[in-house]
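S.K.: Sharing a structure below in structure tokens format, with a few things to ask.
The values are calculated or read from the model by the stated rules, or taken from the named source; none is laboratory data. Since the model is a prediction, treat every value here as computed from it, not as a measurement. As a convention, Cβ positions derive from the backbone with ideal geometry for all residues, glycine included, and neighbour counts pool all protein chains shown. The accessibility values were calculated without ligands, DNA or RNA, using every heavy atom of the protein model including side chains. Shrake-Rupley method; radii C 1.70, N 1.55, O 1.52, S 1.80 Å.
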Amino acid sequence: LWDQVLLRGYLTKPSLFDKKKAGEYVEDQLVGPQIRVKQGETMALNLNNQLPPESETTCPTHVENVNEPHCFNTINLHTHGFWVSPQGNSDNVFLKFKPQEKFDYQFKMEPNHPAGTYWYHAHLHGSTALQVSNGMAGPLIVEGSRTPKVKNGKVTSTGDMDILWKEKNSYPNENILLFQQIQYRCSNPDPNITFAVPNNCEGVGIGMLENYNDLSISGFWTNQNYYTSINGKIVGEMKVEQNVFNRWRMIHGGVRDTIGLIIKEIPDSSKFTAEQTIKACSAYQEADKKAEFEKLNSLNVHTIAQDGLTMNHVQTRTLSVFHPGYRHDAMVAFPTTNRYCIFDTKLNIDDEINAPLPTGQTTPQLAPTNLFNAQLLGWVNVKAAKTKAQTAAPVPERSCTKNWVKQRYPDPVISA
Ligand SMILES: [Cu+2]
């Protein structure tokens, strides 16, 4: 039984927008629409606030203490990671727009702005965490075509991955995975109706997020019946083709829990239905299945960019750690037609934001003990490869060194 929720978000279709303008609540996905822009372009964006009106109680004219949360229906928009002006009608977090107000943003992208994966979200002081936890976040993609620059045999600029990674002369398909942590609480106007678990509405309440006390600040994220969604879906399906490299643009658009992403293969599962897959994946979540969980094959994820920046070398890993706001671009190929589970494994720094690492560690490690090994976030449905002869995708050994660039580009393309 899924909970019904009433949250703030970005509408994805003009038809929904017209309804909303008429004062209605509308049904839409949890995640904001994808926005794409090219290097050198100006991104024009009209933000039109159709949230319900504020009152003197919810949004006082004079705020005594600006750190006191307030004005949850007053918004603005921040382009997370963009190298643009933070002033005027650009990425200016001091702008604020009340319900029924609208604003024309203009984000001027430099011709050398790094192509990559970014995201946008509400960023008004006093309401940011609450609005982002409602779902006010969406993917922001910068497309680019810069070639690597090499000087005296050294790469001085890595170039844009959009044109660097080719498979059989075509650019790889891509999937955006935007992770969100929607921290709603159930409510019912009848005070006699209470909820044993605050975020399990049991069909008699509606999930909302209306004050900061409801934001989970401490304690174990998973143990509180919370989920991290991918593209607005809880334990949703991703479709891919066997052995084909896809570029996964992964964005942590949540504010709460660090994600330790691991993709595990379920043996003999190629004929599993969605229900069977979710059941099979879920069986590995609890701590008493730790040994079995660890025995499952982990998929190699070939990370090519972090936080919008193309890396010098491909880094192959099985565990990808995302703190809130972080992005990873990775090339992933699924070698079998088995089902794969997308897990958030429990880390030793989990459930803490910016927790210091134990002495001597440079990256977070899997938690030695936890009630859960991992939480299931989604699953992958792999369609059989078109050609029978196809072998498992090779682990790429690529880097933006001169040799590699030379293999891919004729000399004149490399600007010295
Ligand atoms: Cu941000």
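S.K.: Yes or no: segment 276-289 includes at least one residue that is charged (D, E, K, R) and within 16 Å of the ligand (Cβ to nearest atom). First the steps, then the outcome.
M.R.: Step one: list which residues in segment 276-289 are charged (D, E, K, R), which gives 279, 286, 288-289.
Subset that is within 16 Å of the ligand (Cβ to nearest atom): none.
No, segment 276-289 has no match at all.
S.K.: All but one of (1) in contact with a His (Cβ under 9 Å, 6 or more places away or on another chain); (2) under 19 Å from Leu209 (Cβ atoms) hold for Gly144; which doesn't?
M.R.: (2)
S.K.: Given Ile182, Ile163, Ile176, which one is surrounded by 22 or more Cβ atoms within 10 Å (Cβ to Cβ), more than 16 Å from the ligand (Cβ to nearest atom) and closer than 22 Å to Gln34 by Cβ? Steps first, please.
M.R.: On the way: Ile163 fails: surrounded by 22 or more Cβ atoms within 10 Å (Cβ to Cβ); Ile176 fails: surrounded by 22 or more Cβ atoms within 10 Å (Cβ to Cβ).
The unique qualifying residue is Ile182.
S.K.: Tell me, yes or no, whether segment 28-43 has at least one residue that is without any contact (Cβ under 8 Å) to a residue 60 or more places away in the chain and surrounded by 17 or more Cβ atoms within 10 Å (Cβ to Cβ).
M.R.: Just the residues of segment 28-43 that are without any contact (Cβ under 8 Å) to a residue 60 or more places away in the chain, to begin with: 28.
From the residues that got through so far, the ones that are surrounded by 17 or more Cβ atoms within 10 Å (Cβ to Cβ) too are 28.
Taking every residue of segment 28-43 in turn, at least one turns out to be without any contact (Cβ under 8 Å) to a residue 60 or more places away in the chain and surrounded by 17 or more Cβ atoms within 10 Å (Cβ to Cβ).
S.K.: Inspect all residues belonging to segment 71-88 and state whether any of them is over 28 Å from Leu309 (Cα atoms), away from the ligand (no atom under 16 Å from the Cβ) and in contact with a strand residue (DSSP E or B) (Cβ under 6 Å, 6 or more places away or on another chain). Don't jump to the end; show me each part of the working.
M.R.: Going through segment 71-88, the residues over 28 Å from Leu309 (Cα atoms) turn out to be 71-75.
From the residues that got through so far, the ones that are away from the ligand (no atom under 16 Å from the Cβ) too are 71-74.
Filter once more, so that each one left must be in contact with a strand residue (DSSP E or B) (Cβ under 6 Å, 6 or more places away or on another chain): none.
No; the residues of segment 71-88 include none that is over 28 Å from Leu309 (Cα atoms), away from the ligand (no atom under 16 Å from the Cβ) and in contact with a strand residue (DSSP E or B) (Cβ under 6 Å, 6 or more places away or on another chain).
S.K.: Another one. Looking at Glu68, Glu56, Glu110, can you tell me which residue is without any contact (Cβ under 8 Å) to a residue 40 or more places away in the chain and either out of contact with any strand residue (DSSP E or B) (no Cβ under 9 Å at 6 or more places or on another chain) or of a type in the set (Gly, Ala, Ser) (or both)? Can you show your working first?
M.R.: Working: Glu68 fails: without any contact (Cβ under 8 Å) to a residue 40 or more places away in the chain; Glu110 fails: without any contact (Cβ under 8 Å) to a residue 40 or more places away in the chain.
That would be Glu56, the only listed residue that is without any contact (Cβ under 8 Å) to a residue 40 or more places away in the chain and either out of contact with any strand residue (DSSP E or B) (no Cβ under 9 Å at 6 or more places or on another chain) or of a type in the set (Gly, Ala, Ser) (or both).
S.K.: So how many residues does segment 1-43 have that are under 25 Å from Tyr118 (Cα atoms) and over 23 Å from the mean Cα position of the chain (by Cα)? I'd like the intermediate steps shown before the answer.
M.R.: Start the filter on segment 1-43 by keeping residues that are under 25 Å from Tyr118 (Cα atoms), which leaves 7-14, 17, 28-43.
In the following step, the residues that additionally are over 23 Å from the mean Cα position of the chain (by Cα) were identified as 14, 17, 40-42.
The number of residues fulfilling the criteria is 5.
S.K.: Is it the case that Pro114 is touching a Cys at 6+ places or on another chain (Cβ under 9 Å) and away from the ligand (no atom under 16 Å from the Cβ)?
M.R.: Working: touching a Cys at 6+ places or on another chain (Cβ under 9 Å): no; away from the ligand (no atom under 16 Å from the Cβ): yes.
Taking the combined requirement at face value, the residue does not satisfy it.
S.K.: May I ask you to verify whether Thr156 is of a type in the set (Val, Ile, Thr), loosely packed, with under 13 Cβ neighbours inside 10 Å and farther than 23 Å from Val31 by Cβ?
M.R.: Values: of a type in the set (Val, Ile, Thr): yes; loosely packed, with under 13 Cβ neighbours inside 10 Å: yes; farther than 23 Å from Val31 by Cβ: yes.
Against the criterion (of a type in the set (Val, Ile, Thr), loosely packed, with under 13 Cβ neighbours inside 10 Å and farther than 23 Å from Val31 by Cβ), Thr156 qualifies.
S.K.: Right, here's the next one. Could you grab the pairs with beta carbons closer than 9 Å, sequence gap of 6+ or different chains, first residue in segment 77-88 and without any contact (Cβ under 8 Å) to a residue 24 or more places away in the chain, second one assigned to a loop (DSSP other than H, G, I, E, B) and within 13 Å of the ligand (Cβ to nearest atom)?
M.R.: Ser85/Asp91; Pro86/Val93
S.K.: Could you look through segment 7-27, keep only residues that are small (Gly, Ala, Ser) and part of a loop (DSSP other than H, G, I, E, B), and pick out the one that is surrounded by the most Cβ atoms within 10 Å (Cβ to Cβ)? Outline the logic, then answer.
M.R.: At the first step, the residues of segment 7-27 found to be small (Gly, Ala, Ser) are 9, 15, 22-23.
Right, trim to part of a loop (DSSP other than H, G, I, E, B) and you get 9, 22-23.
Values: Gly9: 23, Ala22: 8, Gly23: 9.
Within segment 7-27, the match that is surrounded by the most Cβ atoms within 10 Å (Cβ to Cβ) is Gly9.
S.K.: Which of the strands (runs of 3 or more DSSP E) found entirely inside segment 58-153 contain at least 3 residues meeting this: over 29 Å from Tyr171 (Cβ atoms)? Even if it seems obvious, please write down each step before you answer.
M.R.: Numbers: elements: 78-80, 102-108, 116-121, 137-143, 149-151.
The strands (runs of 3 or more DSSP E) meeting that bar are 102-108.
S.K.: Only one of these is open to solvent by 20 Å² or more (accessible area, probe 1.4 Å), of a type in the set (Val, Ile, Thr) and within 30 Å of Gln183 (Cα to Cα): Thr117, Thr128, Thr147. Name it. Walk me through it before giving the result.
M.R.: On the way: Thr117 fails: open to solvent by 20 Å² or more (accessible area, probe 1.4 Å); Thr147 fails: within 30 Å of Gln183 (Cα to Cα).
After applying the criteria, what remains is Thr128.
S.K.: Which condition number does Lys154 fail, the rest of (1) within 15 Å of the ligand (Cβ to nearest atom); (2) not assigned by TED's automatic domain parsing to the domain that holds Ala44 being met?
M.R.: Failing condition for Lys154: (1).
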